[in-house]
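What follows is one structure encoded as structure tokens, with my remarks underneath.
Derivation of every value follows stated rules applied to the coordinates shown; laboratory data play no part. In this text the structure is predicted, and so the values were computed from the model without any measurement. FYI the Cβ positions are ideal-geometry reconstructions off the backbone, even for glycines, and counts take in every protein chain you see.
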Amino acid sequence: MFPLSISRVEISVKSKKLLGPINLVINEKGITVVLGANGSGKTTLLEALHGLRKLSRGKLEWSVPNSQAAQQQSFVFQSPIMLRRSVIENLIYPLIVRRISKSIAVEEAKLWAQKIGLENKMSQQAPLLSGGEMQAVAVARALITKPKMLFLDEPTASLDGLAKKTIEEILIIAAKGGTKIIMSTHDLGQAKRLANDIIYLHKGILESHGPKEDFLNAPPSDAARQFLAGDIVI
Amino acid sequence: MAALVLVFVQINMATANQIRLAVTSSFHNSGLSDYLLPHIENDLKFEVHLLVVGTGQAIKLGENGDVDAILVHSKPDEEEFVKAGFAKHRRQIMFNEYVILGPSSDPAQIKLSNNLLEAFKRLSTANTNFVSRGDLSGTHKKEIEIWEKIHFKPEKIGAQYISVGSSMGKAINIAVAFDAYILSDKATWLNHKNKGHLVIQFEGDQLLHNQYSFLPISKNVHFHVKSKLVEELEKWLVSGKAKKLINSYMVQNEKVFTFNAN
Amino acid sequence: MNEILQGLVQAFWLVISLDTELIAISLRSLYVTLTALLISTLVAFPLAALIVVTRFRFRRVVIAILNALMGLPPVVVGLLVYIIFSRSGPLGVLGLLYTTSAMIIAQTVIITPLIASVAHQSMRELWADYRDLLISINTSKPQRIGTLMWDSKRALITACLAGFGRGIGEVGAIMIVGGNIDNATRVLTTAISLETSRGDFSLALALGFVLISLALSVSFATHWFGKTERGGLW
């Protein structure tokens, strides 16, 4: 289904421009990290790429029909959305939606519960888990359908070190296994650890898209420079 | 949806051996219907479903064909009903009496009246409460008839004329609460369990005659009425057995109805 | 005061002695209201969920009407049902008047807006939570409706109890369409009305206490089976 071409995309809400114009091509390998200050449009970009947002202008095209591409994507939200059910029921949900038999789905879910270290909490009500545990469930749930494209919006923003490490490890394995990952983050260290290439956003505009080293060694703008230095970017 | 409707209709097909009779509350409250019904169902071998409603509603149900026959006590209404063709005839069955109930202290002093009209004249000027059925029932129309005979408009009594729009039993409850006078049929009163401080203060005038009649709904107007069963019921109600049962029905050791079918 | 005590005592004896007439009218009360409730839920719950997940032009108006219908006076419903099912009315040929079927119909009309409104309110809140996730997972509309209803089941049970309460205590409509016929359409509430008009207040109260106990038992049983108030959030 790759490449994904984004041409002249703009998103405005009530005549306020949130994003764009953006021109971008996403290819199928590796982990792309979206960097930028708060309010720079990272969440809007990710949601737009996933099809959760209506485009005010421009086009989004996969190499297959968009409806087909939709079946191969997953999204992990910044605040994990847990179904009011048990952990295992959350995990099997995307498979059940695809009419996979419950017994097969449960077997898959058990494997994933183990991968995220929650094999002893499978019957617990998911909304009662800790923040890190919920996010782990969300990531597992997103990957259980073996998507070709995974979006994550600041997935480890409010997590402690151990939870962060667990999730990063899962993402690396998933990327190696052929899942394209686009994730936004605040955490520069995380970007350095995970990224193959980096997209930098400033005030809704795409300032650069390129290999990680290029961005780190030669930031494309003053804003990017400030960002890398850890300053507040206005 | 269609299946549901079919089920409902099935349930109702099973009720072919039953007729519906609308009766007025004053007839039912006397307890006579509970007394007669087992005999009727035993002798005639079909069920009689009683709908106890006000006279107005009984007439309406008859006009709509929602019942197979009615038993009411309002001659002018009955005659109109027959004239309009809803029933081919009216059949007198029995009568009882109306009485005037009032507080035991009798503030309007009607007990000593020589006749009904004098009693009502005293009521019109006394400073006491009077409860009216207010629902154009047989009882209410009788009350109106009496006021007209003394050429008095009861609204002139003002706030003490309490028009309730309720059945006989509920109206008595209100009269008890307001310590008021009220025109009631004797049978309902005798059987009523909430008598408070009310007693019968006046009875026995010819004008207080209360005639009950049976009107079978005409098949010409509503072809679905179970005329055959209704005929059997009518025959039973004017039979010797009915006469015996009705005349011997007692409430608190008093005879309540007098059979007068012919 | 004396009558209330008498009523309690009489209620006790009626129940202990398994008075056949009491049992008959109690069972009939339950039959009418529970059947009406069942039909109502089959209509109201999917309808409420559908309104939640579908965007359509007059949605706000429909929701407002639904909420307003909760205020339908039962006696007016009774009168309308009578007119429709009267022999002189459009559906008179069905012969449903003065049967428990007519009573069920009237109560269904009365209960449905109530439980639809309550259900709609809580499913709407849940949808606000679930929306992005369920769209992301590519659920179909029927799947969304099913998920909302299942995950709202506690609130739906509450809606049912509200509907049951409304129905079991109703007297105006079923008096008109049922006729309070002895051994046929007499139920607890219409029997209470009859005994009141006979001046037999203590019997009326006794029946009233039986009715209250019935309603409470249903409520307790529901909560107990649903384990509603044990552990967890909801």
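A few notes on this one:
- Gyration tensor (alpha-carbon) shape descriptor, chain A, a/c threshold 1.5: prolate
- B:Asp34 versus C:Leu30: modelled label distance in nm, points set 7 Å from Cα along the beta carbon direction: 2.5
- Pairs from the list B:Lys83/B:Lys121; A:Lys14/A:Lys203; B:Lys141/B:Lys244; B:Lys45/B:Lys219; A:Lys165/C:Lys141; A:Lys121/A:Lys146 with a Cα-Cα gap above 28 Å: B:Lys83/B:Lys121; B:Lys141/B:Lys244; A:Lys165/C:Lys141.
- Exposure proxy ranking for A:Ser221, B:Ser137, C:Ser117, based on other Cβ atoms within 10 angstrom of each Cβ and starting from the fewest, stands as A:Ser221, C:Ser117, B:Ser137.
- For the range C:51-190, the fraction of alpha-carbon pairs lying more than 25 Å apart is 42 percent, rounded to a whole number.
- Once Rg and the Kirkwood radius are both taken over the C-alpha atoms of chain B, their ratio Rg/Rh works out to 1.02.
- For chain A, built as a Gaussian network whose Cα springs stay under 10 Å, the top-fluctuating residue of A:Ile100, A:Ile116, A:Ile205: A:Ile100
- Of all aspartates and glutamates in the structure, the ones whose alpha carbon falls short of 18 Å from that of C:Lys153, not counting any fewer than 8 places away in one chain, are A:Glu89, C:Glu125, C:Asp129, C:Glu229.
- Neighbour net charge for B:Pro107 - beta-carbon separation under 14 angstrom, K R +1, D E -1: 0
- Taking every alpha-carbon pair under 8 Å whose residues sit at least 6 apart, chain B reaches a relative contact order of 28 percent.
- Principal axes of the range B:177-262: Cα extent on each, largest first, Å: 49, 29, 26
- The shape of the range B:97-208 comes out rounded: with a ≥ b ≥ c from the C-alpha gyration tensor, a/c is under 1.5.
- Two-site FRET efficiency, B:Lys111 against B:Glu148, from Cβ-Cβ distance with R₀ of 25 Å, rounded to 0.05: 0.60
- Model label sites at C:Trp150 and B:Glu118, defined 7 Å from Cα along the beta-carbon direction, differ in position by 8.6 nm.
- With the simple model of a label 7 Å out from the Cα in the direction of the Cβ, C:Leu69 to B:Gln160 spans 5.1 nm.
- Cα-based shape type of the range A:52-110, given that a ≥ b ≥ c are square roots of the gyration tensor eigenvalues and the cut on a/c is 1.5: oblate
- Among A:Val76, B:Val67, the order by Cβ neighbours within 10 angstrom, fewest to most, reads A:Val76, B:Val67.
- C-alpha long axis of helix B:55-64 to longest principal axis of chain B, angle in °: 20
- In chain B, helices alone account for a calculated mean residue ellipticity at 222 nm of -12000 deg cm²/dmol, with every DSSP H run of four or more residues adding -39,500 (n - 2.57).
- The orientation-averaged projection of the convex hull spanning the C-alpha atoms of the protein assembly as shown amounts to 43.5 square nanometres.
- Cβ-Cβ distance of C:Ser217 and A:Asn27, R₀ of 51 Å, FRET efficiency by 1/(1 + (r/R0)^6): the value works out to about 0.20.
- In terms of other Cβ atoms within 10 Å, B:Val82, C:Val210 run from fewest to most in the order B:Val82, C:Val210.
- Each part reduced to its alpha carbon centroid, the range C:59-106 and the range C:21-49 end up 15 Å apart.
- Stokes-Einstein translational diffusion, the range A:58-178 - Kirkwood Rh over all Cα pairs, 0.692 mPa s, 37 °C, in µm²/s: 222
- Extension gain for C:Ile83 to C:Gln6 (0.36 nm times residue separation, less C-alpha to C-alpha distance): 23.7 nm.
- Taking all Cα pairs closer than 8 Å and separated by 6 or more residues, the relative contact order of chain A comes to 28 percent.
- Whole-number percent relative contact order across the range C:28-187, with pairs defined as alpha carbons under 8 Å at least 6 apart: 40
- Among beta bridges that DSSP assigns inside the protein assembly as shown, antiparallel share in %, nearest 5: 55
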